[in-house]
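Encoded as structure tokens, the structure appears first; notes follow it.
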Amino acid sequence: MDRLLTGLQPSGTLTIGNYAGGISQIVNYQSDYETFLFIPDMHAITVPQDPEALHRNIINAIAMYIACGVNPDLPNMHIYIQSENLYHANLSWIFECHTPHGELTRMHQFKAKSALHETFTEGLVTYPDLMAADILLYDAKYVPTGIDQKQHVELARNIAIRFNNRYGELFAIPEPLIPSIGAKIRDLQNPEQKMSKSTTNPKASIFLSDPEKVIRKKIMSAVTDSDGVIKFDEENKPGVSNLLTIYSVFTGSSIEDAVAKFEGGGYGDLKKAAADAVVEKLMPMQEKYNDIINSGRINEILDAGRDYSNKIAAEKYEKVRKAVGFGRI
Ligand code: TYM
């Protein structure tokens, strides 16, 4: 079985963007691949985190994956926490020593995040090396993500190719898997931007744990435009296109069918249908989420994932360690 791997940062509550770009893809592919699904808590501290909240977000995220349809009982499913596997940081260090600084500071996400603060940590710069380690330790062939992480997966590819050329065949070359619909769910209040977990605008993001009333209110007050025409045009009509995308992600409809259904109508009808679709999917998930949190199963799932991921990562790290000349022969 080929391997598929992805991670979602526990830096806040998961959004419908994370569902569209990450979780729903895992659910679709989980029967076909050996799947490594991990919580990148080490990535989360590239910006300040409250330790209590970080612990909580980790457990909540696992419960939410399962509530969304990730099946922890599949023998080919491995769910684990990044910091419980020390090989990620070890391999990242080796990559940091092989990646030119300029290659890291050219990353879109680094530019966007570093611009938000007067100072930033070195971890924010070297973050893509750690992400490359996350992927390459497991020879993952496919990495499902939203469009925002594509550049980081491409860097991981480049690192793998560079290492293979310099030290001999060490790593499989990973490919990003970007969904055709929902690769970038947009901020409801500022549709030029992607929807984010860490937004400060309370109406901008729909969280997977939002109550029905809140979901409806947020979608009904989403920013659109004033020309009153329903069509899919992400550049000129990002707000309306976002609503069509949300409707499609949550009903399984194509964008063309969604446009055909709503064109000629008002924005209110589209918003109501998008809200209905999100509510219909999220309400049963939230019920399941509470059952999982109360089931006491999460530790058992994470222990198994930790042990398996360490076993695979140890074998790869040993090869890399030898290849770069560390330690004794
Ligand atoms: P993160 O935590 O920001 O996002 C988790 C996943 O959700 C996707 N995503 C979106 N997709 C569509 N629309 C959006 N508005 C949206 N917002 C987020 C992301 O693309 C991602 O798939 N660096 C990664 C975590 C990571 C990782 C990895 C991923 C660490 N190591 C190795 C894959 C492989 C991140 O910050 O994702």
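The values are calculated or read from the model by the stated rules, or taken from the named source; none is laboratory data. What you see is a predicted model; the values in this text were computed from it and never measured. Positions of Cβ are backbone-derived with ideal geometry, glycine not excepted, and every protein chain shown enters the neighbour counts. For the accessible areas, the whole protein counts, side chains as well, though only heavy atoms, and no ligand, DNA or RNA atoms are used. Shrake-Rupley method; radii C 1.70, N 1.55, O 1.52, S 1.80 Å.
Things worth noting here:
- Evaluating 6.51 cos²θ - 1.76 cosθ + 1.60 at θ = phi - 60° for every residue in the stretch 320-329, the Karplus couplings come out as 5, 4, 5, 4, 8, x, 5, x, 8, 6 Hz, glycine and proline recorded as x.
- Label sites at residue 329 and residue 54, each approximated as a point 7 angstrom past Cα along Cα to Cβ, lie 4.2 nm apart.
- Percent carbon-and-sulfur accessible area, the chain, ignoring ligands, DNA and RNA, probe 1.4 Å: 51
- Stokes-Einstein translational diffusion, the stretch 212-290 - Kirkwood Rh over all Cα pairs, 0.692 mPa s, 37 °C, in µm²/s: 256
- Nearest-ten-degree value, helix 267-295 long axis tilted from longest Cα axis of the chain: 50
- Relative contact order computed over the chain (Cα-Cα under 8 Å; 6+ residues apart), in percent: 21
- Residues considered: 300, 118, 280. Largest GNM mean-square fluctuation over the chain, using C-alpha springs under 10 Å, is found at 118.
- Here the spin labels are modelled as points 7 Å beyond Cα on the Cα-Cβ line, and at residue 122 and residue 203 they lie 4.4 nm apart.
- Every helix of 4 or more DSSP H residues in the chain counts as -39500 (n - 2.57), and over all residues that averages to -16500 deg cm²/dmol at 222 nm.
- Applied to the stretch 35-46, the Karplus parametrisation 6.51 cos²θ - 1.76 cosθ + 1.60 on θ = phi - 60° returns per-residue 3J(HN,Hα) values of 10, 10, 10, 10, 9, x, 5, 5, 5, 4, 7, 5 Hz, with x for Gly and Pro.
- The chain, Rg to Rh (Cα coordinates; Rh as Kirkwood inverse mean 1/r): 0.98
- Heavy-atom accessible area per residue - the stretch 212-290, 1.4 Å, Å²: 50
- The chain: antiparallel DSSP beta bridges as a percent of all, rounded to 5: 10
- Annotation: amide H of residue 15 within the under-5 Å range of 208, sequence separation 5 or more or interchain, hydrogens built in the peptide plane.
- Above-threshold pairs, the threshold being 30 Å between Cα atoms, out of 150/319; 184/288; 194/322; 141/194; 150/281: 194/322
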